[in-house]
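Here the structure comes first, spelled out in structure tokens, and everything after it is commentary.
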Amino acid sequence: MLTIYKYPVSSEKYFSLDMPAGAKILSVQEQDEETQIWALVNPENQTATRDFATFETGALISEEESRLHFIGTYQDLKAEPTNGLSFI
């Protein structure tokens, strides 16, 4: 059986989340002034660690980082006004 879970996004540039193996990322958004990732998961699957990175608008991105899979864009409501858009 599949269900949707949400996971908090760290304020760090690089972070990891433990979620059921095979989780499909659906969305990243702000909820109650906290950034969350929603994923379609099978809670019966073993847990796997997933690595993520966030980049603010205007940030320099290395060639290696440019190969990462884009999930979405969100507005960090706690960020400085000039850096409010982040990409994960």
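Just so it is clear, none of the values below were taken in a lab; they were calculated from the coordinates. Because the structure is a prediction, the values reported are computed rather than measured. Every residue, glycine among them, receives a Cβ derived from its backbone with ideal geometry; neighbour counts consider all protein chains shown.
Considering region 3-87 at the alpha-carbon level, its Rg and Dmax are found to be 13.4, 42 Å. Length gained on full extension, Gln46 to Ser11: 10.0 nm, using 0.36 nm per residue less the C-alpha separation. Stretching the chain fully between Thr57 and Thr73 yields a gain of 4.8 nm (0.36 nm per residue, less the alpha carbon separation).
Distance between the pseudo-spin-label points of Thr3 and Leu26 (7 Å out from Cα toward the beta carbon): 1.3 nm.
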